[in-house]
Each structure stands twice: as structure tokens, then as C-alpha cells.
1. Out of all the residues in the range 291-310, which are open to solvent by less than 20 Å² (accessible area, probe 1.4 Å) and out of contact with any Leu (no Cβ under 6 Å at 6 or more places or on another chain)?
2. Give the residues of the range 39-54 that are closer than 18 Å to VAL92 by Cβ and either open to solvent by 20 Å² or more (accessible area, probe 1.4 Å) or touching an Asp or Glu at 6+ places or on another chain (Cβ under 9 Å) (or both), sorted by residue number.
3. Search the range 314-328 for residues that are farther than 19 Å from THR294 by Cα and pair each with any residue that is acidic (Asp, Glu) when their beta-carbon atoms are under 7 Å apart and the residues are at least 6 apart or on different chains.
Amino acid sequence: MKRRMINSLLGVVLVVVAVFCVPLALIEKQSIVNGAKDRVDAAAVRVLGLVESRLAANEPVTGEKFAAQVTDGSFVTVDIPGQPLIAAGRPVTGPALTASESGASGETVTVVQSRNDVDHEIGNMLLLLGVVALLAVQAAVALAVWQAKRLARPLMDLAETAERLGSGDPRPRDRRYGVPELDRVAEVLDTSAERIARMLTAERRLAADASHQLRTPLTALSMRLEEITALAEEPETVKEEATIALQQVERLTDVVQRLLTNQRDQHSPTVVPFELDDVIKQQVEEWSPSLRDTGRRLRIEGLRGASVLGTPGTVAQVLATLIENSLMHGAGTITLRVRPLGNSVVAEVQDEGAGVPPELGNRVFERAVSGRNSTGIGLAVARDLVEADGGRLELLSLKPAVFALFLGRSREDEA
């Protein structure tokens, strides 16, 4: 590209030089020759005037009388009828300019001027034009090199940016080059980089959320299957446990679908009215093996028969996250309390542990923030899921730790 730009600009300059300098040289050459001829003609006229004035005064005409009119490189002859030829200066050899003038008495004056001075002046003129043309070409080459570098460097930079995008580095560079077309390309690449960065972040976040959110249903499903294995000789119990396991599978499917739905459109309206007691009962059944194994207890208190607005799978997943959080970080009995609050229903999860460290506070809802050795994703995902349904998840108390899930009441429940 650099070579093409340099060759193009150099070609344009050479054409311009040829178009202007060649005619200018011809015109200047002709002007110099015409000026020299005019000077020779003027010298002949002056000498003729001197000769006529001498003849009118009946004075003799000699070469000394008009020798002052003879310049270097000139040769003057005066031919007067009846007199010998009168000459002044040195005869000219080689190319010369000649001018002749005749007087009233028949005298003829001839002036011969050597072309050496004229050719020397023409040579100086051509040399000057050549120097000017050479300087113009050099300036054009320097300008072409500078302009080529100025345009090629941003293109190389943009190519590097595109290559980085292709290799998985979506950081925008925010560089502009003062060329509207190149700045437009850079702006589009930066916009694409930001879009790719958001897509990669969303994909990583989806993978992290999925791995964390699927862990709880899989754990419960595994425990149910263990229960089935242990009770293989009791058909009714096996059937009951298998039914619960199937419910776990359905919930697992719902979790996956919910994560994918949130990934595609985080603002899609999916809330429906449902009975909160059904979701709470499901949680009691799912967590009873874990609670029994750890010697913990889940106590249900407060309002019964509340109809709320939301997504049953989302509410179940959030409650499961809060119960799991209490099992991992809390102690003693876990209390799930439901109470009305204006047009909302609040489901509180509380335990008897040490609570949330004061330095964390509401930062427990931030990703990668955890008071112990955990991923720090569960509460952040839970809050995102609740907010996508129009609800809220808050930390009401640090010690004891009380997490509150705020859900809207359905119109049937209010009635």
C-alpha cells in the first residue's frame, strides 16, 4: 500500500512538472532569443544614427567613432557607397544573431552578435527549472512517504485490533486517527469489541450460574436416589421416593430453562400467580434428607395459603439457595417464616448461627463475595432471578442472619 501511494503521488507530480515545466521552458527560451534579437536590432539602429549624423555634418566615418556601441562578442560593419567597408570588433564565428539597417544615403549597417551569451542564459534558465522540478519531486516523495505512513499505520493498527478480536481479546482500544473513514472503522471495531466482551461475559456468567444452580437439585436428586436404593424392599416407599426424584428432575429441567431464558431475555414477563405453600412443601421434602443427616431442623411459621406472583421454579430455586446457605454457613434450626406486608408477601429464612460478618453486609449479594470458602455466586444469582420476576431479595439482619424474599400478592389472594 505504501509503495502504491508513493508511486501514485509521484506519478501525479511528474505529470504536473512535465505539463508546466516543458511549455514554460520553451516560452522562456523564445523570450530570451527574442530579447537578444531586439538588443542586436537596437545596436544596429544606434550605429546607423551615428553614421547618418556624421554624413550629414560632412565628417569622416571611421570605426573609432562608433566603437563604443560595439559590445563584447559583437561585430559591426558599415557599408557606405563609394567608401571602403568600415568594421569594428572581432568577427564572430559559429552561431550568431544578425541585424541590418539601411540609411537614406544608401549606407548599410550590419551588427552580428554571438549566440554564446544567449545559449548560456538559456542553459541557466533550464538549470533553474530543473532544480525547481527536482525539489518539487523530492518534496512530493517526502509528502507521499509521510502520507503513506500516516494512512498505513492506522490500517495496520486496525488489522491488529481485528486480529485480537478474532483471538478472543475483546478489549476496545478507543484510538482515533483524524481520518473520518478510518475513525468510522475504528468505532465499529470498538463497538464490536464491546459487544463481544458482553457476550463472553454473559456466556461465562451463564456457565457459572448453571454450574452453581444445578448443584443443589443434583445433590437432592442424588440423595433421593440413595433413599430409593436403601428402601428397595419397600415398594410403596420406593414409589414415593421415585416420584420425588422425578419432581427433582422436572425442577432441574426448569432451572436449566430458566437460566437460558434469562440469558436470552432478562426482561421477559414470566410471572404467574401460584400458591407459595406448594413451593415451601417441595423444599421441606427436598431438604429433609440433608437436614436429617446434619441433625438440623427446618421450621415453617407464619402465613399459610398465600397466593403470590412470580415463577414457581424461580421462587423454589431462591428458597433452596437460602436454605443451602443456612446449612453451609449457619447453625441450629432454620426457620422459614411467611408474613404479609402491604401488597407483598415476605418469606424470611433465618438460622441460629453467627450471622453475616459486619464487613460484608449487603455485599453478600455481590458475585465472588463470600464470608467462607464458597463460590460467592448463589446469592447473586438468586437476587438476579428474583428481580427478573419483579421481586426483591434483601438481608434484613446480620445477626441472626435473616434473608427476606419479597413477592407480590396475587389479586385473588388480596380479595
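1. At the first step, the residues of the range 291-310 found to be open to solvent by less than 20 Å² (accessible area, probe 1.4 Å) are 291, 306-308, 310.
Correct list: SER307 only.
2. Within the range 39-54, the first condition is being closer than 18 Å to VAL92 by Cβ, and the residues that meet it are 39-44, 47.
Those that are closer than 18 Å to VAL92 by Cβ and either open to solvent by 20 Å² or more (accessible area, probe 1.4 Å) or touching an Asp or Glu at 6+ places or on another chain (Cβ under 9 Å) (or both): ARG39, ASP41, ALA42, ALA44, VAL47.
3. Sorted first by the residue in the range 314-328, then by its partner, the pairs are THR314/ASP389.
Yes or no, residue by residue, for (1) closer than 23 Å to ARG3 by Cβ; (2) out of contact with any helix residue (DSSP H, G or I) (no Cβ under 7 Å at 6 or more places or on another chain); (3) modelled with pLDDT of 75 or more:
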| position | (1), (2), (3) |
| --- | --- |
| PHE75 | no, yes, yes |
| GLY82 | no, yes, yes |
| GLY89 | no, yes, yes |
| SER100 | no, no, yes |
| ILE122 | no, no, yes |
| GLY130 | no, yes, yes |
| VAL141 | yes, no, yes |
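The values are calculated or read from the model by the stated rules, or taken from the named source; none is laboratory data. The structure presented is a predicted model; accordingly, all values stated were derived computationally and were not measured. Using ideal geometry, Cβ is built from the backbone for each residue, glycine included, and neighbour counts are taken over all protein chains shown. Note: areas computed on protein heavy atoms with side chains; ligands, DNA, RNA excluded. Shrake-Rupley method; radii C 1.70, N 1.55, O 1.52, S 1.80 Å.
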